[in-house]
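Heads up, the thing below is written out as structure tokens.
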Amino acid sequence: MTQHIPDRHDPDAASDDFGPFGRPLFDDPDARALERVGVIDIGSNSVRLVVFDGAARSPAYFFNEKVMCGLGRGFAATGRLDPEGRTRALAALRRFAKLASGMGASPVIAVATAAVREASDGPEFRAEVTRETGLRMWVVNGREEARLSAQGVLLGWPGAEGLVSDIGGSSMELAKIGKGKVGARVSTRLGPLRLQGLGSKKAIRAEIEETIAAQVAEMGMHHKRLFLVGGSWRAIGRIDMERRGYPLHVLHEYRMDPADIRATIAHIHETGIDALRAQTGIGEARMALVPLASLVLGTLVRKLKPREIAVSSYGIREGMLYQQMPQHLRDRDPLIEACRFAERKDARMPGFGRALYKFVAPLFKKEPESRHRILRAACLLHDVSWRTHPDYRHEACFDNATRANLGGLTHPERVFLGLALLHRYKNSRAGTRFEGMIGILSEPEIAQAEVLGRAMRFGAMFSAQKPNDLGELRWFPKRRHLELRLSDSARDLMGEVAVARFKSLAAALQATHDIGRRVP
Ligand code: LMR
Ligand code: MG
């Protein structure tokens, strides 16, 4: 007997039954700050425990451990779980159950996907796990698996639109997303472990072609973006990065177009897996699946013709977390929430970030909301690196912004944020080791990040002021003139260093300037 999570989008799903997730954990705001949420993903390739810290909108990875058990290996021949995989998975789950309870993350939610769902000894394994570890395992069906990983994508990008594809060991799911919702979804048998069992190359190709052709009819073509979830897709993304010499080694939000995918697939076949492993550091078990996974991806891209392809590090595990969030929490912006949290935890004057944003905003009047969102993030983060040695603060800032585990941020936005924060501490970026990455931005974006950095550097001189008593910057773009109006009490803070920083801001704007009288 397997158990299925009731699908809350299905009208016939029991409305008072929250399935394995129980009641949403975060309904109580006081509980939210304390909560630690543990999830276990029992996949066909890997078994993984993730403990999310803080029930914030943007999760921090308190703990993350994976074992490549290969439960789905050999399924085609036996119809059963791989015996060695089963032993290893049980051992991993024993450890995970213990860890989760030690970390205060229990009851942990354990979800099993294709291998356990399809193997004839799946139910027996499930019972054994419960008996031996106390874990309750929820075996989800394919559509539910698709929904959970699509929700993971929404956790990172609430505004994501397109098609999510999650590849596991034994299955490949597709789900439509848009307007914050998961739409139609399907589950296919195109997992690399499963395909291996078909034997001949010809049979494998035919299976891939046929299956995907049938899905195109169902899911449509020309999606705005194809989001790739799952370890085997990530490995292909990593190889694409290496091939292109891409400077920012962050897989989440890494973008490719159909031509890149074609080139990388050719590259995989020409280079061979041993050489690729040496170049990228991808593990042996994972790399063994890459050729078959790339065959699936090639066909998917050729037939679906998405305009763009993006890797998502968020998938089923994050989808399980999302499942537990009340709607009002889902609706919040993960980037801003993460920055707010960082400010509260690490800034010297939490709360000043908002005032600083209000102060610098007049310089960016014509910018769209999408840019203002990054300005707000920068202001919230402007002081979180204050404990770093002054000589390295600008570098620490850049590293934090570009490498942080942040959702809701494109790569150019990451670099923009990093560069603005670098200039929060230092006027010059010459000689930093970031030059390659800065090249992701256009010249006007670089100039704008510098203006923002210098404006924050100047505004930070007034952090002792009451937030609504900073005075104001007035910017006249046509005349290229910058004027400062200070309140009476803020004038005392306008010392020599502040004057120099104000002038340096005006210089970045190529503007004339004056320090006007008090705010009327
Ligand atoms: C699986 O089936 O194990 C996947 O979801 C994840 C992986 O490691 O490929
Ligand atoms: Mg999976």
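For the charge dipole of the chain, defined by +1 on Lys and Arg C-beta atoms and -1 on Asp and Glu C-beta atoms about the Cα centroid, which residue among GLY245, ILE261, PHE63 has the Cα displaced farthest towards the positive pole?
So the residue furthest toward the plus end is GLY245.
Determine the dipole magnitude for region 32-176: charges of +1 sit on the beta-carbon of Lys and Arg, -1 on that of Asp and Glu, nothing else is charged, the reference point is the Cα centre, and the result goes in debye to the nearest 20.
Working: 19 positive and 16 negative charges, 61 e Å.
The dipole of region 32-176 has a size of about 300 debye.
Quick one: order LEU421, LEU251 from most to least accessible surface, probe 1.4 Å. Numbers along the way, then the final one.
Working: LEU421 5, LEU251 40 Å².
Result, largest first: LEU251, LEU421.
Please work out the Cα center distance from region 321-376 to region 224-241, rounded to the nearest Å.
28 Å
Using the Cα centre of the chain as origin and beta-carbon charges of +1 (Lys, Arg) and -1 (Asp, Glu), tell me which of VAL164, GLY180, PHE364 is placed farthest towards the positive end of the dipole.
Of the candidates, PHE364 comes out farthest on the positive side.
Could you tell me whether region 134-222 comes out rounded, prolate or oblate from its Cα gyration tensor? Rule is a ≥ b ≥ c as square roots of the eigenvalues, rounded for a/c under 1.5, then prolate if a/b exceeds b/c, otherwise oblate. Kindly include the intermediate steps, with their values, before the conclusion.
Details: a/c = 2.64, a/b = 1.31, b/c = 2.01.
It is oblate, given that a/c is not under 1.5 and a/b is not larger than b/c.
Skip the ligands, DNA and RNA, and give the accessible area per residue of the chain with a 1.4 Å probe, whole Å². Please report the intermediate quantities before stating the final value.
Values: 22070 Å² over 520 residues.
Heavy-atom SASA per residue in the chain reads 42 Å².
About the Cα centre of the chain, how large is the charge dipole given +1 on each Lys and Arg Cβ and -1 on each Asp and Glu Cβ? Please answer in debye to the nearest 20.
Numbers: 78 positive and 61 negative charges, 251 e Å.
So the magnitude is around 1200 debye.
Sequence gap at least 6, Cα distance under 8 Å: using those rules, report the relative contact order of region 342-392 to the nearest whole percent. Write down the numbers at each step before the final one.
Values: 39 pairs, mean separation 27.4, N = 51.
Averaging sequence separation for qualifying contacts and normalising by length gives 54 percent for region 342-392.
Using only Cα atoms, tell me the angle between helix 258-271 and the longest principal axis of the chain; keep it within 0 to 90° and round to the nearest 10.
With both axes taken from Cα atoms, the answer is about 60 degrees.
Need one value: the accessible area of ASP514 in square angstrom, 1.4 angstrom probe, rounded to the nearest 10.
Taking all protein chains as shown, ASP514 has close to 60 Å².
Nearest 10 degrees is fine. How inclined is helix 122-133 to the longest principal axis of the chain, computing both from alpha carbons?
The angle comes out at about 60 degrees.
List the lysines whose alpha-carbon lies under 21 Å from that of LYS503, not counting same-chain residues fewer than 8 positions away?
LYS358, LYS365, LYS426, LYS478
Give the carbon-plus-sulfur fraction of the accessible surface of the chain in %, rounded to a whole number; probe 1.4 Å, heavy atoms of protein chains only. Don't skip to the end; give the middle numbers.
On the way: 11120 of 22070 Å².
Summing carbon and sulfur atoms, their accessible area is 50 percent of the total for the chain.
Translational diffusion coefficient, Stokes-Einstein: compute it for region 277-387 using the Kirkwood radius over C-alpha pairs as Rh, at 20 °C and 1.002 mPa s, and state it as an integer in µm² s⁻¹.
118 µm²/s
Rule-of-thumb check for the chain: C-alpha Rg over 2.2 N^0.38 Å?
Numbers: Rg = 25.5 Å, N = 520, 2.2 N^0.38 = 23.7 Å.
That works out to 1.08 for the chain.
Taking the Cα centre of region 262-310 as origin and charging only Cβ (+1 Lys, Arg; -1 Asp, Glu), how large is the dipole, in debye to the nearest 20? Show your work: numbers first, answer last.
On the way: 7 positive and 4 negative charges, 72 e Å.
Dipole about the Cα centre, nearest 20: 340 debye.
Apply the a/c threshold of 1.5 to the C-alpha gyration tensor of region 104-152 and tell me whether it is rounded, prolate or oblate.
Values: a/c = 3.99, a/b = 1.16, b/c = 3.44.
Oblate.
What nm value, rounded to one decimal, do you get for the distance between ASP391 and ARG371 when each label is placed 7 Å out toward the C-beta?
Roughly 3.7 nm, to one decimal.
Compute, for MET494, the solvent-accessible surface of its heavy atoms (probe 1.4 Å) with the complete set of protein chains present, and express it in square angstrom to the nearest 10.
Around 30 Å² of this residue is reachable by solvent.
Per DSSP H run of at least 4 residues, take -39500 (n - 2.57); add these up for the chain, divide by its residues and hand me the 222 nm value, nearest 500 deg cm²/dmol.
Values: 23 runs with 252 residues, N = 520.
One gets -14500 deg cm²/dmol as the mean residue ellipticity at 222 nm.
Of SER504, ILE515, PHE434, which is farthest towards the positive pole of region 433-520's charge dipole, taken about the Cα centre with +1 and -1 on the beta-carbons of Lys, Arg and Asp, Glu respectively?
Positive-end residue among those listed: ILE515.
What do you reckon, how do ARG307, ARG95 stack up by accessible area (1.4 Å probe), largest on top? Could the numbers behind the result be given before it?
On the way: ARG307 160, ARG95 115 Å².
If we order ARG307, ARG95 from most to least accessible, we get ARG307, ARG95.
The values are calculated or read from the model by the stated rules, or taken from the named source; none is laboratory data. Source: prediction; values computed, not measured. With ideal geometry, Cβ positions are generated from the backbone for all residues, glycine too; neighbour counts draw on all protein chains shown. With ligands, DNA and RNA removed, areas are computed over all heavy atoms of the protein, side chains included. Shrake-Rupley method; radii C 1.70, N 1.55, O 1.52, S 1.80 Å.
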